[in-house]
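Scroll down for the structure; my scribbles are underneath it.
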Amino acid sequence: MDNEILLGKATEYPNQYDAALLFPVARQNKRDELGLTGAMPFHGGDIWNAYEMSWLNDKGRPQVAIGVFEFDSNSINIIESKSFKLYLNSFNQSQFSNWRQVKQTLSEDLSKAAQGQVSLELLNPIEYNAQYPIQQWQAISLDELDIEIQQYDYTAALLKLATDEIVSEKLSSDLLKSNCLITNQPDWASILIEYKGPQIDREALLKYLISFRTHNEFHEQCVERVFTDIVLFCQPQELTVYARYTRRGGLDINPFRTNVVGKLPENIRLSRQ
């Protein structure tokens, strides 16, 4: 796969629309590592916010927009992020008659590449700021726990329970860092873990999250790994894992996975975004 991907190589940025720039990556490749086959134990989606979108209208005047894209977690493929950036940049000097045509083009291309459902919005900056203001999660932060860290290599076995008492908690951390699977560039995230079940040891959970610090995997794969590990080691009755990654190349990626029926992701833009 490394030889086929543009990521990490000198690249000419396109100046004319080109759907062929999109590079899909099969979700199942990494899910096999986690023992996830058949029906998934979660549903959800990956929300992408694209802050650097532009094209020319039919009179040649530049248009700017912020795009909000949601890929269903049941889609066959994820889209490799640099290929998504190059694809969006290919609109920059291309003319479209109206915003509706741009949206239709994006929807068709991305649905074809992902082989699954993709929903999207195109908003001007004023609309985006009104619809997605900066917020904070209403959750208990793990980040002030006074713990000593010695493990920076991914270790699922760090997870453990505090008690068998059934609780409902929302826990968050801004300390999640992983690295790109291809380039090893750092990916920074805030993560929300909402669950009902035996109480998870908070110190153990924070140590586990920090153990991703040298781990190489795509954003979506990290979140599915966290979800799968918590289910295995802590056996919650209900679980939601939601990571909000900081942007790179004008894109942020925000995977959401849950086993709670009817629960849907909310595009809450955090201060680091």
Notebook entry, point to check: Pairs under 6 Å by beta carbon, first residue surrounded by fewer than 21 Cβ atoms within 10 Å (Cβ to Cβ) in segment 176-193, partner among the hydroxyl-bearing types (Ser, Thr, Tyr), six or more apart or different chains?
Noted result: TRP188/THR246; LEU192/SER172; LEU192/TYR242
Checklist line | Number of positions in segment 39-70 that are buried (at least 20 other Cβ atoms within 10 Å of the Cβ), under 23 Å from PHE256 (Cα atoms) and free of Cβ contacts under 8 Å to residues at least 60 places away in the same chain | finding: 2
Checklist line | Checklist (1) more than 15 Å from the chain's Cα centre (by Cα); (2) closer than 26 Å to GLN131 by Cα; (3) basic (Lys, Arg); (4) outside any strand (DSSP E or B) applied to ARG213, failing item | finding: (2)
Check: Could you count how many residues in segment 24-38 are touching a strand residue (DSSP E or B) at 6+ places or on another chain (Cβ under 7 Å) and crowded, with 17+ Cβ neighbours inside 10 Å?
Finding: 3
Next item on the list: Scan segment 226-245 residue by residue and report those that are in a helix (DSSP H, G or I) and surrounded by fewer than 23 Cβ atoms within 10 Å (Cβ to Cβ).
Entry: THR228, ASP229, ILE230, VAL231, LEU232, PHE233, CYS234
Check: Restricting attention to segment 143-175, and to residues there that are without any contact (Cβ under 8 Å) to a residue 12 or more places away in the chain and more than 26 Å from the chain's Cα centre (by Cα), which single residue is surrounded by the most Cβ atoms within 10 Å (Cβ to Cβ)?
Finding: GLN150
Check: For LEU206, which of the numbered conditions (1) closer than 24 Å to GLN150 by Cα; (2) under 16 Å from the mean Cα position of the chain (by Cα); (3) buried (at least 18 other Cβ atoms within 10 Å of the Cβ) fails to hold?
Finding: (2)
Note to self: Can you pull out every residue in segment 246-271 that is under 21 Å from ILE134 (Cβ atoms) and part of a strand (DSSP E or B)?
What the structure shows: ARG248, LEU251, ASP252, ILE253, ASN254, PRO255, PHE256, ARG269
Notebook entry, point to check: Here are some conditions: (1) under 21 Å from the mean Cα position of the chain (by Cα); (2) touching a residue at least 24 places away in the same chain (Cβ under 8 Å). GLU33 meets all but one. Which one does it not meet?
Noted result: (2)
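Considering only segment 178-185, I want to know if a residue exists there that is in a strand (DSSP E or B) and outside the structural domain of ASN89 (by TED's automatic domain parsing). If you could, list the steps in order and put the result at the bottom.
To start, the set of residues in segment 178-185 that are in a strand (DSSP E or B) comprises 178-179.
Now restrict to residues that are outside the structural domain of ASN89 (by TED's automatic domain parsing): 178-179.
Yes, the conditions are met somewhere in segment 178-185.
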Notebook entry, point to check: Given (1) in contact with a helix residue (DSSP H, G or I) (Cβ under 6 Å, 6 or more places away or on another chain); (2) part of a strand (DSSP E or B); (3) polar (S, T, N, Q), where does GLN151 come up short, assuming only one miss?
Noted result: (2)
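Among the residues of segment 150-158, is any modelled with pLDDT of 95 or more and closer than 23 Å to HIS43 by Cβ? Quick ask: steps written out before the conclusion?
In the first step, residues of segment 150-158 are kept if they are modelled with pLDDT of 95 or more; the result is 152-158.
If we keep only those that are closer than 23 Å to HIS43 by Cβ as well, we get 156.
Checked segment 150-158: at least one residue is modelled with pLDDT of 95 or more and closer than 23 Å to HIS43 by Cβ.
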Check: Scanning segment 71-124 for residues that are in contact with a Lys or Arg (Cβ under 8 Å, 6 or more places away or on another chain) and part of a loop (DSSP other than H, G, I, E, B), which turns out surrounded by the most Cβ atoms within 10 Å (Cβ to Cβ)?
Finding: SER73
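The values are calculated or read from the model by the stated rules, or taken from the named source; none is laboratory data. Everything numeric in this text was worked out from a predicted model, so none of it was measured. All Cβ positions, even for glycine, are placed from backbone atoms using ideal geometry, and neighbour counts span all protein chains on display.
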